[in-house]
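Since the structure comes first, as structure tokens, the remarks are kept for the end.
The values are calculated or read from the model by the stated rules, or taken from the named source; none is laboratory data. Bear in mind the structure is a predicted one, so any value in this text is a computation, not a measurement. Cβ placement follows ideal geometry from the backbone for every residue including glycine, while neighbour counts extend to all protein chains displayed. These accessible areas exclude ligands, DNA and RNA; they are computed on the full protein's heavy atoms, side chains included. Shrake-Rupley method; radii C 1.70, N 1.55, O 1.52, S 1.80 Å.
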Amino acid sequence: IFLAGKQEKDGVHGTAIIKHFDTIKPKYKISEKYKNSWVLMDRDTHADDNAEHLYRHIKLNYPEVKIFYALRSSSHDWERLIQEEFNLLEFGSEEHRSALESCSKVISSHADYCVTNFLGPKMLSDRHFVFLQHGVIKDDLSGWLNQKENIDCFVTASKPEFDSIISNNSPYKFGKKEVVLTGLPRHDKLLKSSINNNKKILIMPTWRSSIVGEPNKSGSERELNPLFMESCYAEHWYSLLHSAELYRISLKYGYEVIFYPHLNILPYLDKFNIPEFIQLGNKNNRGIQDIFNDASLLVTDYSSVAFDMAVQSKPTIYYQFDEDTVFQGSHTYAKGYY
């Protein structure tokens, strides 16, 4: 048996193991204001994902739980959540830090470094981390998620997804102890307000890790890639948005076309020179849930937002021009069960 890199030939007493893990976890100053609280967040810059919708559910049904929601005050969602009387924490502030040092749970739709290690290594070692997910997992994300120091509760939304993570031949290190089949909080909201007769086409591709800059560990923003528009990804989506055939179809059948780029693609939006007949989904700070509700058809490549349409019984067209490379290292995942 090895403990802390040292071989113990005569075995290890249980108290020695407990003592070792007690010494390596950070010692934080506990604030009475945030003691045993639950800190929820989606992205540091955007709300309207699973953590926001779960926050609302907890607030309504479990008022005795002390909950807070972390977000940058520069986010367009900040004022909206102030109006709803969310207990907001300015992301990166001393209050946010104090809450993370004192809380009993961190609950997030994302597992990025700025969520799981904002205070540094082992930040979550003495608290419960609930990974709500950003969408339904359909590809193999084990290479990324297995690197996380700990995920205590791992939410899934479908039986095939659940099985792909907990089965004996799964590449994930998580099992039935961590993974739960519950559905996604934001899907509950979608089903309550779905509209089926709008003539709107939503174009919403995902991103590629190989063509955007390196991430900033203090948040979700990335460095800019000056060669972005020369990529296969940019060329194909630019071509579709400027397609004369797309314009003709939208006019003939009276369909609105809405382009909603991934947040990691947003910094390059100006370079797409979006035609006048196409609306921008990110404009006017519209909630993504409202856009899913309004759309009648989705065009995407590999994005799991197809499931957000599927739960509303709405169709998706897949435009997968780079399938030979996207699962071979140009993005964050490998081919999964779907």
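Some observations on this one:
- Hits in segment 147-158 - residues which are within 18 Å of LEU132 (Cβ to Cβ) and either free of Cβ contacts under 8 Å to residues at least 24 places away in the same chain or not acidic (Asp, Glu) (or both): LYS148, ASN150, ILE151, CYS153, PHE154, VAL155, THR156, ALA157, SER158
- The residues listed here are SER102, SER98; of these, the one that is of a type in the set (S, T, N, Q), at pLDDT 95 or above and surrounded by fewer than 18 Cβ atoms within 10 Å (Cβ to Cβ) is SER98.
- For segment 224-255, taking the residues that are touching a Pro at 6+ places or on another chain (Cβ under 8 Å) and assigned to a loop (DSSP other than H, G, I, E, B), the one that is nearest to ARG72 (Cα to Cα) is identified as LEU224.
- Residues within segment 63-81 that are closer than 19 Å to TYR34 by Cβ and free of Cβ contacts under 8 Å to residues at least 12 places away in the same chain, tallied: 2
- The residue that is modelled with the lowest pLDDT, counting only those in segment 181-220 that are β-branched (Val, Ile, Thr) and open to solvent by 40 Å² or more (accessible area, probe 1.4 Å), is ILE195.
- Residue check for TYR319: open to solvent by 20 Å² or more (accessible area, probe 1.4 Å), touching a residue at least 24 places away in the same chain (Cβ under 8 Å), among the aromatic types (Phe, Trp, Tyr) and in contact with a Leu (Cβ under 9 Å, 6 or more places away or on another chain): yes
- Residue match in segment 275-294 (condition: open to solvent by less than 20 Å² (accessible area, probe 1.4 Å) and more than 22 Å from LYS189 (Cα to Cα)): yes
- Total residues in segment 34-88 satisfying the condition of being in a strand (DSSP E or B) and either farther than 21 Å from CYS114 by Cα or out of contact with any helix residue (DSSP H, G or I) (no Cβ under 9 Å at 6 or more places or on another chain) (or both): the figure is 0.
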